[in-house]
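Worksheet for the structure shown next.
The values are calculated or read from the model by the stated rules, or taken from the named source; none is laboratory data. Please read all numbers here as calculations on a predicted model, not as lab measurements. So basically every Cβ, Gly included, is an ideal-geometry build from the backbone, and we count neighbours across all protein chains shown.
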Amino acid sequence: MSVAEFDEIAPKYDESRGGTERAAGFARMLAPLLDPARPVLDIGVGTGIVAAELTSLGHTVHGLDLSPGMLARAKDRLGARVAVADACRLPVQSGSVDQAVSTWLLHAGPDNRAVLAEVGRVLRPGGRYLVIPAGGTRPTDDIGLLVGELENRLDPEGSRRDGPEWLAPIAAAHGLVYEGTASERPTSFQVSPRAMAASLSRGLFTGAWAVGGEATRLVDETRSRLLALPNPDVPRVRRGADVVLLFTRGT
Ligand SMILES: C[S@@+](CC[C@H](N)C(=O)[O-])C[C@H]1O[C@@H](n2cnc3c(N)ncnc32)[C@H](O)[C@@H]1O
(Lines give C-alpha, C1' and ligand atoms only; values in the text may rest on other atoms or scores of the structure.)
Protein backbone atom coordinates (compact mmCIF):
# COMPACT_ATOMS: atom_id res chain seq x y z
CA MET A 1 0.00 0.00 0.00
CA SER A 2 1.11 3.55 -0.57
CA VAL A 3 1.87 5.94 2.25
CA ALA A 4 -1.26 7.91 1.33
CA GLU A 5 -3.33 4.75 1.74
CA PHE A 6 -1.83 4.08 5.17
CA ASP A 7 -2.49 7.71 6.10
CA GLU A 8 -6.09 7.19 5.07
CA ILE A 9 -6.71 3.94 6.95
CA ALA A 10 -4.78 5.05 10.07
CA PRO A 11 -7.89 5.96 12.12
CA LYS A 12 -9.38 2.52 11.50
CA TYR A 13 -6.16 0.51 11.28
CA ASP A 14 -6.05 -0.92 14.80
CA GLU A 15 -9.62 -2.14 14.99
CA SER A 16 -9.50 -3.56 11.45
CA ARG A 17 -6.35 -5.59 12.15
CA GLY A 18 -7.22 -7.48 15.29
CA GLY A 19 -6.87 -4.60 17.75
CA THR A 20 -5.12 -4.98 21.07
CA GLU A 21 -5.56 -8.73 21.07
CA ARG A 22 -3.36 -9.16 17.98
CA ALA A 23 -0.85 -6.61 19.25
CA ALA A 24 -0.59 -8.18 22.69
CA GLY A 25 -0.20 -11.62 21.11
CA PHE A 26 2.63 -10.35 18.89
CA ALA A 27 4.31 -8.64 21.85
CA ARG A 28 4.17 -11.83 23.90
CA MET A 29 5.88 -13.69 21.04
CA LEU A 30 8.58 -11.04 20.61
CA ALA A 31 9.33 -10.08 24.22
CA PRO A 32 11.17 -13.25 25.34
CA LEU A 33 13.51 -12.85 22.34
CA LEU A 34 14.47 -9.28 23.25
CA ASP A 35 16.80 -7.92 25.92
CA PRO A 36 14.79 -5.51 28.14
CA ALA A 37 17.99 -3.72 29.12
CA ARG A 38 18.52 -2.49 25.55
CA PRO A 39 16.31 -0.34 23.30
CA VAL A 40 14.30 -1.92 20.50
CA LEU A 41 13.91 -0.30 17.07
CA ASP A 42 10.48 -1.02 15.57
CA ILE A 43 10.81 -0.53 11.80
CA GLY A 44 7.36 0.14 10.30
CA VAL A 45 5.91 0.81 13.75
CA GLY A 46 2.58 1.95 12.26
CA THR A 47 0.17 3.16 14.94
CA GLY A 48 2.49 1.82 17.63
CA ILE A 49 -0.04 -0.72 18.82
CA VAL A 50 2.49 -3.57 19.01
CA ALA A 51 5.22 -1.27 20.32
CA ALA A 52 2.91 -0.11 23.13
CA GLU A 53 2.32 -3.70 24.18
CA LEU A 54 6.06 -4.35 24.14
CA THR A 55 6.52 -1.24 26.26
CA SER A 56 4.04 -2.55 28.80
CA LEU A 57 6.16 -5.71 28.99
CA GLY A 58 9.16 -3.64 30.05
CA HIS A 59 10.86 -2.79 26.74
CA THR A 60 11.92 0.65 25.51
CA VAL A 61 10.76 0.90 21.92
CA HIS A 62 11.68 3.51 19.29
CA GLY A 63 9.54 3.52 16.18
CA LEU A 64 10.05 4.55 12.55
CA ASP A 65 7.41 4.66 9.83
CA LEU A 66 6.88 6.34 6.49
CA SER A 67 3.23 7.26 7.08
CA PRO A 68 2.68 10.44 9.13
CA GLY A 69 -0.96 9.39 9.64
CA MET A 70 -0.02 6.07 11.22
CA LEU A 71 2.78 7.74 13.21
CA ALA A 72 0.46 10.34 14.68
CA ARG A 73 -1.22 7.52 16.57
CA ALA A 74 2.11 6.00 17.51
CA LYS A 75 3.16 9.35 18.96
CA ASP A 76 0.16 9.25 21.30
CA ARG A 77 1.39 5.89 22.51
CA LEU A 78 5.17 6.25 22.47
CA GLY A 79 5.69 10.01 22.77
CA ALA A 80 8.83 11.44 21.22
CA ARG A 81 10.37 8.06 20.50
CA VAL A 82 8.89 7.97 16.96
CA ALA A 83 10.01 9.51 13.67
CA VAL A 84 9.02 9.54 10.03
CA ALA A 85 11.57 7.49 8.12
CA ASP A 86 11.88 5.12 5.18
CA ALA A 87 12.77 1.54 6.11
CA CYS A 88 14.82 1.45 2.91
CA ARG A 89 16.97 4.41 4.04
CA LEU A 90 17.13 4.27 7.81
CA PRO A 91 18.34 7.48 9.47
CA VAL A 92 20.45 5.40 11.81
CA GLN A 93 24.19 5.03 12.25
CA SER A 94 25.79 1.83 10.96
CA GLY A 95 26.38 -0.88 13.56
CA SER A 96 24.50 1.02 16.26
CA VAL A 97 21.34 -1.08 16.82
CA ASP A 98 21.21 -4.02 19.22
CA GLN A 99 17.75 -5.27 18.36
CA ALA A 100 15.06 -4.43 15.82
CA VAL A 101 11.64 -5.77 14.99
CA SER A 102 9.20 -5.47 12.08
CA THR A 103 5.66 -6.78 12.28
CA TRP A 104 3.64 -6.94 9.08
CA LEU A 105 6.02 -4.57 7.26
CA LEU A 106 7.75 -6.50 4.52
CA HIS A 107 4.60 -7.34 2.53
CA ALA A 108 3.27 -3.82 2.88
CA GLY A 109 5.21 -1.73 0.39
CA PRO A 110 8.98 -1.46 0.81
CA ASP A 111 11.32 -3.63 -1.25
CA ASN A 112 12.37 -6.48 1.07
CA ARG A 113 15.92 -6.38 -0.37
CA ALA A 114 16.34 -2.71 0.48
CA VAL A 115 14.99 -3.18 4.01
CA LEU A 116 17.22 -6.16 4.77
CA ALA A 117 20.23 -4.30 3.37
CA GLU A 118 19.50 -1.45 5.77
CA VAL A 119 18.92 -3.77 8.73
CA GLY A 120 22.21 -5.51 7.92
CA ARG A 121 23.91 -2.13 7.95
CA VAL A 122 22.47 -0.72 11.18
CA LEU A 123 22.61 -3.82 13.40
CA ARG A 124 25.73 -4.25 15.49
CA PRO A 125 27.53 -7.61 15.12
CA GLY A 126 25.47 -10.17 17.04
CA GLY A 127 22.39 -7.93 16.95
CA ARG A 128 18.93 -9.35 16.29
CA TYR A 129 16.15 -8.63 13.80
CA LEU A 130 12.77 -10.21 14.55
CA VAL A 131 10.16 -10.33 11.79
CA ILE A 132 6.52 -11.30 12.09
CA PRO A 133 5.47 -11.79 8.47
CA ALA A 134 1.93 -11.21 7.25
CA GLY A 135 2.01 -13.78 4.49
CA GLY A 136 4.52 -16.23 5.86
CA THR A 137 2.43 -19.32 5.37
CA ARG A 138 0.08 -19.51 2.41
CA PRO A 139 -3.15 -21.44 2.82
CA THR A 140 -3.38 -24.20 0.21
CA ASP A 141 -7.17 -24.28 -0.14
CA ASP A 142 -8.85 -23.27 -3.41
CA ILE A 143 -8.88 -19.58 -2.42
CA GLY A 144 -5.24 -19.65 -1.36
CA LEU A 145 -4.14 -21.21 -4.64
CA LEU A 146 -5.83 -18.51 -6.70
CA VAL A 147 -4.61 -15.65 -4.53
CA GLY A 148 -1.10 -17.13 -4.42
CA GLU A 149 -1.06 -17.32 -8.21
CA LEU A 150 -2.14 -13.67 -8.36
CA GLU A 151 0.60 -12.61 -5.95
CA ASN A 152 3.20 -14.44 -8.04
CA ARG A 153 2.02 -12.71 -11.19
CA LEU A 154 1.88 -9.26 -9.59
CA ASP A 155 5.26 -9.61 -7.90
CA PRO A 156 7.38 -12.14 -9.83
CA GLU A 157 10.57 -10.86 -8.19
CA GLY A 158 9.15 -11.56 -4.73
CA SER A 159 10.03 -8.06 -3.54
CA ARG A 160 7.03 -8.09 -1.18
CA ARG A 161 7.14 -11.71 -0.12
CA ASP A 162 7.95 -12.13 3.56
CA GLY A 163 8.25 -15.86 4.09
CA PRO A 164 11.62 -17.24 5.22
CA GLU A 165 12.26 -18.98 1.91
CA TRP A 166 12.37 -15.52 0.29
CA LEU A 167 13.99 -13.56 3.09
CA ALA A 168 16.78 -15.95 4.15
CA PRO A 169 18.88 -15.70 0.96
CA ILE A 170 18.38 -11.93 0.75
CA ALA A 171 19.38 -11.58 4.39
CA ALA A 172 22.50 -13.68 3.82
CA ALA A 173 23.61 -11.27 1.11
CA HIS A 174 23.55 -8.49 3.71
CA GLY A 175 25.39 -10.16 6.56
CA LEU A 176 22.30 -11.46 8.33
CA VAL A 177 21.93 -15.10 9.32
CA TYR A 178 18.43 -16.59 9.32
CA GLU A 179 18.33 -18.63 12.52
CA GLY A 180 14.84 -20.06 11.96
CA THR A 181 11.43 -19.65 13.48
CA ALA A 182 11.82 -18.54 17.06
CA SER A 183 8.16 -18.55 18.10
CA GLU A 184 4.97 -19.88 16.60
CA ARG A 185 1.28 -19.48 17.39
CA PRO A 186 -1.42 -21.31 15.43
CA THR A 187 -4.12 -19.16 13.86
CA SER A 188 -7.42 -19.96 12.21
CA PHE A 189 -9.98 -17.86 10.42
CA GLN A 190 -12.73 -18.31 7.88
CA VAL A 191 -13.25 -16.64 4.53
CA SER A 192 -15.54 -17.36 1.59
CA PRO A 193 -14.52 -16.92 -2.05
CA ARG A 194 -17.04 -14.07 -2.32
CA ALA A 195 -15.58 -12.28 0.70
CA MET A 196 -12.08 -12.73 -0.68
CA ALA A 197 -13.17 -11.36 -4.05
CA ALA A 198 -14.58 -8.31 -2.26
CA SER A 199 -11.29 -7.89 -0.36
CA LEU A 200 -9.42 -7.91 -3.63
CA SER A 201 -11.68 -5.12 -4.94
CA ARG A 202 -10.77 -3.04 -1.93
CA GLY A 203 -7.09 -3.76 -2.50
CA LEU A 204 -6.77 -5.57 0.80
CA PHE A 205 -4.53 -8.38 -0.36
CA THR A 206 -3.07 -6.73 -3.40
CA GLY A 207 -2.67 -3.41 -1.69
CA ALA A 208 1.08 -3.74 -1.63
CA TRP A 209 1.18 -3.26 -5.38
CA ALA A 210 0.22 -0.28 -7.47
CA VAL A 211 -2.88 -1.70 -9.09
CA GLY A 212 -3.39 -0.28 -12.54
CA GLY A 213 -3.24 -1.47 -16.16
CA GLU A 214 -2.18 -5.10 -16.40
CA ALA A 215 -2.32 -5.52 -12.60
CA THR A 216 -5.95 -4.39 -12.57
CA ARG A 217 -6.72 -6.95 -15.26
CA LEU A 218 -5.06 -9.72 -13.25
CA VAL A 219 -6.98 -8.73 -10.10
CA ASP A 220 -10.27 -8.65 -12.04
CA GLU A 221 -9.52 -12.05 -13.53
CA THR A 222 -8.79 -13.54 -10.10
CA ARG A 223 -11.97 -12.06 -8.71
CA SER A 224 -13.99 -13.76 -11.45
CA ARG A 225 -12.20 -17.06 -10.83
CA LEU A 226 -12.93 -16.81 -7.09
CA LEU A 227 -16.63 -16.23 -7.75
CA ALA A 228 -16.64 -19.22 -10.12
CA LEU A 229 -15.39 -21.62 -7.41
CA PRO A 230 -17.92 -24.15 -6.09
CA ASN A 231 -20.08 -22.78 -3.25
CA PRO A 232 -18.62 -19.25 -3.32
CA ASP A 233 -20.58 -18.23 -0.22
CA VAL A 234 -19.33 -21.09 1.94
CA PRO A 235 -16.41 -19.99 4.14
CA ARG A 236 -13.24 -22.04 3.97
CA VAL A 237 -11.54 -22.63 7.31
CA ARG A 238 -7.99 -21.46 6.95
CA ARG A 239 -5.34 -22.57 9.38
CA GLY A 240 -1.98 -20.93 9.54
CA ALA A 241 0.48 -19.64 12.07
CA ASP A 242 1.88 -16.37 13.32
CA VAL A 243 5.63 -16.83 13.47
CA VAL A 244 8.67 -14.86 14.53
CA LEU A 245 11.57 -15.15 12.10
CA LEU A 246 14.90 -14.60 13.82
CA PHE A 247 17.84 -13.03 11.99
CA THR A 248 21.18 -12.26 13.61
CA ARG A 249 23.94 -9.98 12.35
CA GLY A 250 27.05 -12.00 11.71
CA THR A 251 30.16 -10.97 13.60
C1 LIG B 1 0.55 -3.33 7.91
S2 LIG B 1 1.22 -1.95 8.72
C3 LIG B 1 1.96 -2.68 10.18
C4 LIG B 1 2.17 -1.69 11.27
C5 LIG B 1 2.65 -2.28 12.61
N6 LIG B 1 3.97 -2.84 12.50
C7 LIG B 1 1.67 -3.29 13.13
O8 LIG B 1 2.00 -4.49 13.23
O9 LIG B 1 0.56 -2.88 13.48
C10 LIG B 1 2.64 -1.60 7.72
C11 LIG B 1 3.32 -0.30 8.08
O12 LIG B 1 4.51 -0.20 7.29
C13 LIG B 1 4.67 1.16 6.96
N14 LIG B 1 5.54 1.26 5.80
C15 LIG B 1 5.29 0.92 4.52
N16 LIG B 1 6.35 1.18 3.75
C17 LIG B 1 7.31 1.70 4.57
C18 LIG B 1 8.62 2.16 4.37
N19 LIG B 1 9.22 2.14 3.17
N20 LIG B 1 9.31 2.61 5.44
C21 LIG B 1 8.74 2.65 6.67
N22 LIG B 1 7.50 2.22 6.93
C23 LIG B 1 6.78 1.76 5.88
C24 LIG B 1 3.26 1.66 6.71
O25 LIG B 1 3.18 3.06 6.77
C26 LIG B 1 2.50 0.95 7.82
O27 LIG B 1 2.45 1.73 8.99
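Details
- Residue check for Ala108: over 21 Å from Glu184 (Cβ atoms), modelled with pLDDT under 95 and within 11 Å of the ligand (Cβ to nearest atom): yes
- Within the stretch 163-190, tally of residues that are in a strand (DSSP E or B) and either surrounded by 18 or more Cβ atoms within 10 Å (Cβ to Cβ) or not β-branched (Val, Ile, Thr) (or both): 12
- Residues in the stretch 19-32 that are under 15 Å from Arg185 (Cα atoms) and either in contact (Cβ under 8 Å) with a residue 12 or more places away in the chain or within 12 Å of the ligand (Cβ to nearest atom) (or both): Arg22, Ala23, Ala24, Gly25, Phe26, Ala27, Arg28, Met29, Leu30, Ala31, Pro32.
- Candidate set from the stretch 111-137 (those that are without any contact (Cβ under 8 Å) to a residue 40 or more places away in the chain and in a loop (DSSP other than H, G, I, E, B)); member that is surrounded by the fewest Cβ atoms within 10 Å (Cβ to Cβ): Ala134
- Arg128 meets each of the listed conditions (1) within 13 Å of the ligand (Cβ to nearest atom); (2) under 15 Å from Val40 (Cα atoms) apart from (1).
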